[in-house]
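One structure below.
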């Protein structure tokens, strides 16, 4: 009797070179087809969607749920404990508007505009600190001295996180996103969980004029939040408000240094910065894919059948370099006529902090360009250290010289 043939193993396309330059991997896959069934480095199987039009459509497709309960045979990928996981990224339309309304007023364009001077002052202070941290060889790590502490300080102010705790939280998030091993991941998540529980308890005992105190009041007085939702919202605001912004600052600085003509144009005309920020969000946003999704029924994505409950990754990095959407997509051009992107999401899951992120990036990069006319790479580009992560393409360190 002929034995049934086992399904062939799924391809795992992420080699060592991918972490330095993921765009080459995605370009090859995109040319081979719009959707691929692959296995990620952590062993989980996913459907990877690569073309911009399909990614854009997927972000608003009501059949693609972000709720892990929709995963067939249980979700096998990266998971957090319930007290960190009940946030806006993992909630479908039935609960999403309720949670979003509770935090939205702290991130409206009007509120952020009122923060502009505080953001600009924070950028100036961090630039002063950067200039004082030169090492013996005349270099300074722009990630540690500027890109990382700046957004942590600003989002920490919104939630009234005590200043001594902000650096520790940022370090735990970094470890969570790029752990050296499984134990480091578990330990980092544990530290984050305990820190947030303690922070909520402290603010509950002594409320202040801050967003976290308002969320606690919504939980305790109106019962509009569960305790897990409360802690998870605090986690999401702190993590998203610091993690992505820091990497666009560092990746954006590196991109400008690698394109001296574009940097010179910015120095000659600071009014080009808004367009530069949008192009950088397209060109170097760290998130390689949107949050994973699960079809609630069998679907076709770009003509490829995908079973209900399978994991779908909408690949932002591939979409942003799709030549069918962007002319010469691998060219960085702050004058690009159409740099509309998906870095901040689409539809219901559009980034709540988009206005804050744009304002921080505008001020941070503008401060660096203006304050340090001699800014230059402090090591050969091939020696730069990148995260070994398929989730985020981010610099671990960025040695620079700031000149005189």
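The values are calculated or read from the model by the stated rules, or taken from the named source; none is laboratory data. A quick note: this is a predicted structure, and the numbers were derived from the prediction, not measured. Don't worry about glycine lacking a Cβ; one is built from the backbone with ideal geometry, like all the others, and counts go over all protein chains shown.
On inspection, residue 325 qualifies as touching a residue at least 24 places away in the same chain (Cβ under 8 Å), in contact with a helix residue (DSSP H, G or I) (Cβ under 7 Å, 6 or more places away or on another chain) and within 30 Å of residue 91 (Cα to Cα).
Residue by residue, here is whether (1) under 25 Å from residue 388 (Cα atoms); (2) at pLDDT below 95; (3) touching a strand residue (DSSP E or B) at 6+ places or on another chain (Cβ under 7 Å); (4) surrounded by fewer than 19 Cβ atoms within 10 Å (Cβ to Cβ) holds:
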site: 251; (1), (2), (3), (4): yes, no, yes, no
site: 258; (1), (2), (3), (4): yes, no, no, yes
site: 261; (1), (2), (3), (4): no, no, no, yes
site: 266; (1), (2), (3), (4): no, no, no, no
site: 269; (1), (2), (3), (4): no, no, no, yes
site: 274; (1), (2), (3), (4): no, no, no, yes
site: 277; (1), (2), (3), (4): no, no, no, no
site: 281; (1), (2), (3), (4): yes, no, no, no
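The number of residues in the stretch 336-348 that are in contact with a helix residue (DSSP H, G or I) (Cβ under 7 Å, 6 or more places away or on another chain) and either buried (at least 20 other Cβ atoms within 10 Å of the Cβ) or in a loop (DSSP other than H, G, I, E, B) (or both) comes to 8.
As a summary of the residue check, residue 173 satisfies the conditions (1) out of contact with any helix residue (DSSP H, G or I) (no Cβ under 6 Å at 6 or more places or on another chain); (2) assigned to a helix (DSSP H, G or I) except for the one numbered (1).
Within the stretch 142-166, no residue satisfies the criterion of being under 24 Å from residue 186 (Cβ atoms) and at pLDDT below 85. Among the residues making up the stretch 284-308, those that are out of contact with any strand residue (DSSP E or B) (no Cβ under 8 Å at 6 or more places or on another chain) and surrounded by 21 or more Cβ atoms within 10 Å (Cβ to Cβ) are 284, 285. Just for the stretch 68-88: of the residues that are at pLDDT 80 or above and out of contact with any strand residue (DSSP E or B) (no Cβ under 7 Å at 6 or more places or on another chain), which one is farthest from residue 319 (Cα to Cα)? Among those residues, the one meeting the criterion is 84. Does residue 83 fit the bill of being assigned to a helix (DSSP H, G or I), more than 22 Å from the chain's Cα centre (by Cα) and surrounded by 12 or more Cβ atoms within 10 Å (Cβ to Cβ)? So residue 83 does not fit the description; no.
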